Each structure stands twice: as C-alpha cells, then as structure tokens.
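Please read the structure below before turning to the comments.
The values are calculated or read from the model by the stated rules, or taken from the named source; none is laboratory data. Because the structure is a prediction, the values reported are computed rather than measured. Neighbour counts are summed over all protein chains in view; Cβ atoms, including those assigned to glycine, are modelled from backbone coordinates with ideal geometry. What goes into the accessible areas is simple: the full protein's heavy atoms, side chains included, and nothing from ligands, DNA or RNA. Shrake-Rupley method; radii C 1.70, N 1.55, O 1.52, S 1.80 Å.
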Amino acid sequence: MTIIDGMMSGFLQSISLSVLPYLVTGAFFGLVIGVIPGLSGHFAMAMAVTFLYEMEPAAGIAFILGAHATVAQGGGLTAILFSTPGTGQNAATLLDGPPMRDKGQAGIAVGAAMASCFLGATFGAVALALLIPVLRHVVLFFGPPEVLVLAFLALTFVAVLGKEDMTRSLIAALLGLLLAMIGVDNVTNTHRFTMGSERLADGLSLVPVILGLFAVAEMIDLFARGGALARGVQQPLSARDTQRQIFTGIGLAFKNWWLVLRCSTIGTVMGLIPGLGSAPAAFVAYGHAKQSSKNKDQFGKGTVEGVIAPEAANDAVEGGALASTIAFGIPGSSSMAILLSGLFILGLETGPKMLNDHVDIVFIMIFTIIIGNLIGTIIGMWLVNPLSRATSIRSEIMVPVLMAIIVTGAYAGDRMVFDIGIALVFGLVGYVMKVLNYSRAALLIGFVLGFAVEKNLYLALLLDGPYFVFQPIPLTLAIITIVFLAINVYGIYRDRRKLIEV
C-alpha cells in the first residue's frame, strides 16, 4: 500500500459512520477523565483498553487514541480553574493559568489552552505523517539484535529521565521484565514462576496489570486523601462570560502562531526520546517561551503566553512518541505502552509490517489525534461549567463508582474472576510504588517489552551467536546506553558530593 493510498484510506475510515462515533465517545470520555484531578491519561487509556476486545481495529484505535488525545485538554481546565492539574503534564500550566483566573481571565486562559492543545496535536500528527517515508526505510535495518539493544536503551531513558529516583526506576523496569517471564516459556515450554497455578500458565494479562498499576492505585490514593476531588474550588464562571472569553483565548492562540509552532517542535522532538513524556516537554517549552518573550517579567503573573507554550508542547509530544512505538514497537511512555497493548488486543503488529502493509492504520492514528483534539476543543467550549462541577464530588462517593467500573473492566477481558484479583494486587503494588517514589511507568514498559526482549534475545543468539552486540548498529546503541547511564550516575554522584561539602 502506497503512502497516498494509506492516507486516503485512513482519512475515509476515520470519518466513516463505523468509526467516528467511537472517536467522539472516546474524546468525550478522555475530556471527562482529564477534568477529574488524579485521573490521568493512563487511567483513561487503561479503561479504554477493556472495551477493545469486540471492536474492529479502526474503531478500537479511534476510541483509545480519542480518549488519550483529549485528556490534556481536560487537565488544562482544572489546572486553570481550580489550580489542580488533572494530569501531571498540565503542571506547567499552573504557573500562569491560575493567575489569569485570579485576574478574571479564566475563560481566555481556557480558550488559549484548548486551541494550543489542538494546534500542538495537529503539528505532532503532521510530523508523524512526514516521518513515515523515512521510518519505512529505517525500520528495515532493525533486526532482532538491534531491537533487543534498543529496548534496553528505551528502558534506560525511561528510568533516567522520569521524575522518580533513577535507581528505583531501573529496579522497577527490571521488575517489569521479570514479571513478563511468568508463564510457559515459548522456547523451552518450561513453566516459570507459575507456583503450580494453571491460571498463570499464559502469563499475566496486560489489562488487569494496567488497571491495577494506574486505575486502582489512583483510587486508593484518592480514598486515602479523602475530601473533595478538587480543593479550594472557586465559583464557576457564568456560561455567557465563559464562552465570550473562550473565543478570545482561541483567537490569541492563533495570533501567537509562531510561539505555538516553536513549542510544538520542542514537544515533538522530546516525544521521540523514550521516557521524557509530556511534563518535561511542557516545562522546557515554558522556559523557552519565557526566554524568548519581550515580557519576561509577566511570566508567573498571568500571561497568555505562559499558558499557550506548555499546552502546545503537551499534545505535540504524542506525534513523536507514536513514531517510535509504531516503527520499533518501543513505547516512549507508559501511555504508549498501554496503546501498544491495545494494538496487540486488536491483532495489530508494529514495525515494518504496519508501516508497509497497514499504513492506513497509521493514518487512522494521525487523523484520530487531529479530529479527537478538535472534538475535545468543541465539547470543552460548551461543557466547561457542567464538567467542572464533577471536581466538587467527594472521593467517598466517586471512588466506589469508579472501582465498580474498574473491576468490571478487569473481568471483561477474559471473563475470569482471577483477573480481578490480579488488578487488585497490582493496585496495591502501584500505590506502594507511588508512595515510595518507584516508577510505575518503568515497570509497565518493562512488562510490555518483556516478550519482545526475550524473543529477540533468542533470535539474536540463534542467528548471530553471542557476539551479536558487536555489530555496528547494536554496538552504537549499546555505547549510547552505557554513556547515557554513566553521565547520569556521575551527575548524581557529583550532586551528592556537593551536598556533603555544604
């Protein structure tokens, strides 16, 4: 299938009646999840995965990516209106969003944030489309040795560049690899870590693990904190004032198109690097906007540029992250790891096969990101006030309702009560990891990559022997991994020395 054919097919499928309703539903679901503090894009995608089993590939991709695409928009709303970012990636918006609200410009900030999210996502999606011709050729150079070493490079990036402690993140990543080995070995047919249980012979199911690590863990945390979901909530704006200000904010986002373009570029490039994610990209974009602005002193006091920059970078990240996920099957973030599991459920395989035989699926993803964000912007414009009221619901009411949905989702996959137990166990694991500052994203990515690591290690040894790592590409990637790790270990050692001297 040629790229032009794939683009036309992907666009027509994206707007067809068999796909568009799923895209609209997913976008609305993601927006609602984004509005509720503590429920991140991981939660939205983890819940969306449970519905994929009975869906066609195009509809399933539209649903899960539609949900993921609009979470940042919903999170931006709560960051501005209630000083409570719905997701971690909206933390940078706190620097200028709430000050704008305090000056009576909440609607302007919301409109600018939503439009910037849409423009950033569109830029990232277009960048992904332009990368496809390059990726189709590059991916052919990657056999089992290259993919194996690249997987370890990705795990290293995730562990080092995450917000958690590096050592703990590396431990979590290796624990994920270990958990992936539970079940019957595909090569030797040996039972590993099954403890005599037939339920574990096929290994741990992805969906209960995902739901446990992110959804159940967040519910435990929410219940432990108690009180309302958002604290210190201001009175919502009137509908008329909100809509008038939102349109003004949208106009300002388009007026600052050059800033949007620069920050979207930052987001896309940082999305290509596994482990960076949206939050660091948002702060880097904010710093760039401040340094390049003529009104540096206004940043932190309520300037619309301080809202536009991080929100544009937020959503542009997804285009870059999708590129590595689609081309190599290496998820650049925990959200992409969940997407990868969703593709497995839908019977789709990443890598050369997708880029050459199913390029229409790639363009469905691209158009889903663009259309999903457009839908999110339109819905958000008219539902700012009704959706914001969900944040005043007490956790004692919200948690049982959401837990019922989570348990249903865990059971729905294989219709096994055992999977509910897995979700609850991993919920406790996820909560403990969050409290102790261990990276759940690193564990999940290690778990998702476990099968690929084991399979490619076996094939690399079979095809090239034990010295496969000395081939040009694997050796280069291995050197990058070691040097990157060494630099960061030295940085930690130097910082500790300075603390001791002080």
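A few remarks follow.
- Degrees, to the nearest 10: 359-388 long Cα axis against longest axis of the chain: 40 degrees
- Ordering of 467-475, 170-178 by packing is 170-178, 467-475, highest average first (other Cβ atoms within 10 Å, averaged per residue).
- Degrees between helix 278-292 axis and first principal axis of the chain (Cα, 0 to 90, nearest 10): 50 degrees
- Whole-number D in µm² s⁻¹ for the chain, Kirkwood Cα-pair radius fed into Stokes-Einstein, 25 °C, 0.890 mPa s: 107 µm²/s
- By accessible area with a 1.4 Å probe, ligands and nucleic acids excluded, highest first: order of Val432, Val317: Val432, Val317
- Most to least packed among 142-154, 190-202 [average Cβ atoms within 10 Å]: 142-154, 190-202
- Accessible surface, the stretch 391-502, averaged per residue in Å² (probe 1.4 Å): 60 Å²
- Summed over the residues of the stretch 95-162 and divided among them, the accessible surface reaches 31 Å² per residue at a probe radius of 1.4 Å.
- Sorting 247-253, 325-331, 455-461, 47-53 by average packing, meaning the other beta carbons within 10 Å per residue, from highest down gives 325-331, 47-53, 247-253, 455-461.
- Principal-axis tilt of helix 3-14 within the chain, Cα atoms, nearest 10 degrees: 60 degrees
- Ligands, DNA and RNA left out, the accessible area of the stretch 343-488 computed with a 1.4 Å probe is 74% carbon and sulfur.
- Based on the Kirkwood approach, the hydrodynamic radius assigned to the stretch 396-502 is 18.5 Å, with every pair of different Cα atoms included.
- Computed [θ] at 222 nm, helices only, for the chain once each DSSP H run of length n ≥ 4 contributes -39500 (n - 2.57): -24000 deg cm²/dmol
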